[in-house]
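Chemist: Attaching a single structure in C-alpha cells format; questions to follow.
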Amino acid sequence: MNNGTQLTMLDPKRLRSELDTIASQLARRGYTLDCARLSELEEQRKRLQVATQELQNERNSRSKAIGKAKASGADIQPLLAQVADLGERLKAAQEQLTALQTELEEIALGIPNLPHPSLPDGSSEAENREELRWGEPPHFAFPPLDHVDLGVRCGLLDLEAAAKLTGARFTTLHGPLARLHRALIQFMLDLHTSEHGYTELYVPYLVNAESLRGTGQLPKFAADLFKLQGEMEYYLIPTAEVPVTNMVRGEIIDDARLPLRWVAHTPCFRSEAGSHGKDTRGLIRQHQFEKVELVQIVRPEESYAALEALTGHAEAVLQRLALPYRKITLCTGDLGFSAAKTYDLEVWLPAQNSYREISSCSNFEDFQARRLQARRRDPVSRTPELVHTLNGSGLAVGRTLVAILENYQQADGAIHIPEALHPYMGGLTQIPARVTG
RNA sequence: GGAAGGGUGGCAGAGUGGUUGAAUGCACCGGUCUUGAAAACCGGCGAUGGGUGACCAUCCGUGGGUUCAAAUCCCACCCCUUCCGCCA
C-alpha cells in the first residue's frame, strides 16, 4: 500500500506511542484530542495494513514464480489459476485501508502544534505574558489625533477614493505619505540584508494550493484567502511566509547551506472573513497591505536561538524608528495553529492609548517542515532529518505607517519623519500639515 | 497560441513487460597506500511506511487503466527545455 503522502503535522510515530503525553500538551492550548477514537482507528489501521501487505507479498512472489516458470518453458496455466482471486482480495483490502488512512489523516490535519513548555497557560490574550517594554509613549500637549484624521488633514490619505475604486478596507496614499510608505519598505529591507544577514528574495504573489497546504493555511483556513476565478487554481498570498517558506518544499538541503535567512517584501491579501466590525477605521486591518517578512530555515537544535535572534531583528526596526513597543509571549490559548512559540511585538498607538500588534515572530519547529517535506542531510548520520522553520514580520508596513503618523504628530498636524528614514525621503524631514496637490 | 523533445536516487544519466529499487559516473562515508594530503585501489552508500525482529510493503512528474506481473504498455493532467509567433 502506498504511504507516501504524509499530511500529518505532528510526528505520526509520537502520535501513536505517546498519545497521552501529546493529548495533555494539546489540552494546555484548549484542544481536546479524542484518544479513544484515535487509538481504535490506529489499531484497525495496523491490522489492515499488515493484512494488505501480506497479500501484496503473496502477489509479488507468485508473479515472480510465473516469470521464472515462463522463462524455463514450463506450463503457466496452473499457476495462473492459483492467483485468480488474489487480485480481487487485494483490491478490497487496499480500498478499506485507503479509506481508513484518509479518515486518520483528516483527524491528524486538524491537530495543532504542541505548545513549547515556556509558554504561559491561558485561554485568551489576557494571559499573554509581557516580556519587555521599550521606549516611552510620547506625551502630547494636545489631544493626539488618530492616523485617519492626521492623514486626511494632510490631504494625503483618501479612504473614500479606495472605497470607490474597490470597496471597504482598501486605501490610497498620496505624495509624501505614499513615499513614506515606500521608504519604510526600503529601510526595512536594507536593514535586514545589510546588518542582519538576510538574503532578499522576490517571489510570486500568487501561489497554488499545495504551497498553502505546506505552510498550513489550507485546508483549515480557506475562508481567510482570496482565490482567483478561472481554471488556474491560484490564490493571492496572505503573507510572504507562504511563497518563501515553500522554497524548501520537497528539498533535502545541504547542511552547509543552513541556516537559511530570507527576507521578502510582498503585498499581502486577506479576506478578513469573520472580522466584520473589527478595526473598521483606517489602515489597521486592510484586505491589501505590505509586509516585509523574515523567514529562517534552521537546524532543529538551533531554532529557539533563531527565534530570539529573529525577534530581535524585528525589534531593531522599531528601535531605529524610535517607536515605543512591547514584546509579549503568546499564551497557549492564543497561539496560532502551526506555531510552537510566538512573540508578538506591539507598537504604541497614542490615539488608541494602547499597544497594537505590528509583528508576530514564531517558531514552528518541524510542524511546517513535515508537511513541506523540508529536510536536511545530517552530516554525521547521513540520513535526512526535518528542518525547523521560523518567520516573523519585520514589519507590517501599513501598521508601521500608522504608528509613525500617530507617534510623530505635531500640534499643527504635521508629521516628523524619523531620522532613520531621512535618506529614503530625499531630504524631507517632515510631512507638512497641509499639502497641495 | 503553433511545433518538437523531456520529467528516473543528492546531482548527472542508462534502462521499453518478468529475480530492476533500478546500470554507470560524480558527490558522500569507511579502508589500503602515504610523513601528511592528493591520486590510485578496495568496500559501502536512495526515500517513506509497517514489524520487537529475521524481514515486508510502497515509491522512477501526478492521477487513473491494462496485466498473474508496469519505470517500461494505454488514457488524462501537471511541469520543464528548445524553436516559431505574440507581448509588458
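The values are calculated or read from the model by the stated rules, or taken from the named source; none is laboratory data. Computed from a prediction, not measured in an experiment: that's the story for all the values here. Counting neighbours? That spans all protein chains shown, and the Cβs are built from the backbone with ideal geometry, glycine included. For accessibility, only protein heavy atoms count, side chains too; no ligands or nucleic acids. Shrake-Rupley method; radii C 1.70, N 1.55, O 1.52, S 1.80 Å.
Chemist: When you scan the range A:373-419, how many residues do you find that are within 16 Å of RNA strand B (Cβ to nearest atom), open to solvent by 10 Å² or more (accessible area, probe 1.4 Å) and either in a loop (DSSP other than H, G, I, E, B) or not assigned by TED's automatic domain parsing to the domain that holds residue A:171 (or both)?
Modeler: The number of residues fulfilling the criteria is 7.
Chemist: From A:213, A:281, grab the single residue that is within 15 Å of RNA strand B (Cβ to nearest atom), open to solvent by 70 Å² or more (accessible area, probe 1.4 Å), in the same structural domain as residue A:375 (by TED's automatic domain parsing) and not aliphatic (A, V, I, L, M). Talk me through it step by step, then tell me what you get.
Modeler: Values: A:281 fails: within 15 Å of RNA strand B (Cβ to nearest atom).
From the options A:213, A:281, the qualifying one is A:213.
Chemist: Any idea how many residues of the range A:362-410 are of a type in the set (Ser, Thr, Tyr) and within 14 Å of the chain's Cα centre (by Cα)? Walk me through it before giving the result.
Modeler: First, the residues of the range A:362-410 that are of a type in the set (Ser, Thr, Tyr): A:362, A:381, A:383, A:389, A:393, A:400, A:408.
Narrowing the set further to residues that are within 14 Å of the chain's Cα centre (by Cα) leaves A:362, A:389, A:393.
Here the count works out to 3.
Chemist: Under 7 Å by Cβ, and 6 or more places apart or on different chains, what pairs join a residue from the range A:41-58 that is in the same structural domain as residue A:97 (by TED's automatic domain parsing) with one that is near RNA strand B (Cβ under 6 Å from one of its atoms)?
Modeler: Taking only residues 6 or more apart or on different chains, the pairs are A:49/A:1; A:52/A:1; A:53/A:1.
Chemist: Any residue at all in the range A:111-122 that is surrounded by fewer than 12 Cβ atoms within 10 Å (Cβ to Cβ) and either of a type outside the set (Val, Ile, Thr) or under 29 Å from residue A:25 (Cα atoms) (or both)? First the steps, then the outcome.
Modeler: Let us first name the residues in the range A:111-122 that are surrounded by fewer than 12 Cβ atoms within 10 Å (Cβ to Cβ), namely A:117-118.
Of the ones still in play, those that are also either of a type outside the set (Val, Ile, Thr) or under 29 Å from residue A:25 (Cα atoms) (or both) are A:117-118.
Yes, the range A:111-122 contains at least one residue that is surrounded by fewer than 12 Cβ atoms within 10 Å (Cβ to Cβ) and either of a type outside the set (Val, Ile, Thr) or under 29 Å from residue A:25 (Cα atoms) (or both).
Quick grid of which residues meet (1) assigned by TED's automatic domain parsing to the domain that holds residue A:419; (2) aliphatic (A, V, I, L, M); (3) more than 17 Å from the chain's Cα centre (by Cα):
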residue	(1), (2), (3)
A:289	yes, no, no
A:305	yes, yes, yes
A:313	yes, no, yes
A:324	yes, no, yes
A:331	yes, no, yes
A:342	yes, no, no
A:350	yes, no, yes
A:353	yes, no, yes
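Chemist: Looking at the structure I just gave you, is residue A:251 in the same structural domain as residue A:340 (by TED's automatic domain parsing) and in contact (Cβ under 8 Å) with a residue 24 or more places away in the chain? Outline the logic, then answer.
Modeler: Values: in the same structural domain as residue A:340 (by TED's automatic domain parsing): yes; in contact (Cβ under 8 Å) with a residue 24 or more places away in the chain: yes.
Criteria met by residue A:251.
Chemist: Looking for whichever is touching a residue at least 40 places away in the same chain (Cβ under 8 Å) and more than 24 Å from residue A:336 (Cβ to Cβ) here; the options are A:99, A:93, A:108, A:81. Which one fits?
Modeler: Of A:99, A:93, A:108, A:81, the one residue that is touching a residue at least 40 places away in the same chain (Cβ under 8 Å) and more than 24 Å from residue A:336 (Cβ to Cβ) is A:93.
Chemist: Need the failing condition index for residue A:190 against (1) acidic (Asp, Glu); (2) open to solvent by 70 Å² or more (accessible area, probe 1.4 Å); (3) within 30 Å of residue A:259 (Cα to Cα), just the number.
Modeler: It is condition (2) that residue A:190 fails.
Chemist: Looking for whichever is among the small types (Gly, Ala, Ser), touching a strand residue (DSSP E or B) at 6+ places or on another chain (Cβ under 7 Å) and either surrounded by 21 or more Cβ atoms within 10 Å (Cβ to Cβ) or closer than 21 Å to residue A:168 by Cα (or both) here; the options are A:223, A:264. Which one fits?
Modeler: Details: A:223 fails: touching a strand residue (DSSP E or B) at 6+ places or on another chain (Cβ under 7 Å).
Answer to the selection: A:264.
Chemist: Out of the range A:226-261, which residues are away from RNA strand B (no atom under 14 Å from the Cβ), open to solvent by 50 Å² or more (accessible area, probe 1.4 Å) and over 21 Å from residue A:377 (Cα atoms)?
Modeler: Taking the range A:226-261 as the starting set, the residues that turn out to be away from RNA strand B (no atom under 14 Å from the Cβ) are A:226-227, A:229, A:235-247, A:258-261.
Adding the requirement that they be open to solvent by 50 Å² or more (accessible area, probe 1.4 Å) leaves A:226-227, A:229, A:247, A:261.
Residues satisfying the conditions are A:226, A:227, A:229.
Chemist: When only residues in the range A:328-372 that are assigned to a strand (DSSP E or B) and among the basic types (Lys, Arg) count, which is surrounded by the fewest Cβ atoms within 10 Å (Cβ to Cβ)? Write out each step before concluding.
Modeler: Narrowing the range A:328-372 to residues assigned to a strand (DSSP E or B): A:328-329, A:341-349, A:354-363.
Subsequent filtering for residues that are among the basic types (Lys, Arg) retains A:341, A:356.
On the way: A:341: 22, A:356: 16.
Within the range A:328-372, the match that is surrounded by the fewest Cβ atoms within 10 Å (Cβ to Cβ) is A:356.
Chemist: Does any residue of the range A:382-394 turn out to be closer than 23 Å to residue A:283 by Cα and hydrophobic (A, V, I, L, M, F, W, C)?
Modeler: No, that holds for no residue.
Chemist: Here are some conditions: (1) open to solvent by 40 Å² or more (accessible area, probe 1.4 Å); (2) of a type in the set (A, V, I, L, M, F, W, C); (3) under 30 Å from residue A:308 (Cβ atoms). Residue A:65 meets all but one. Which one does it not meet?
Modeler: Residue A:65 satisfies all of (1) open to solvent by 40 Å² or more (accessible area, probe 1.4 Å); (2) of a type in the set (A, V, I, L, M, F, W, C); (3) under 30 Å from residue A:308 (Cβ atoms) except (3).
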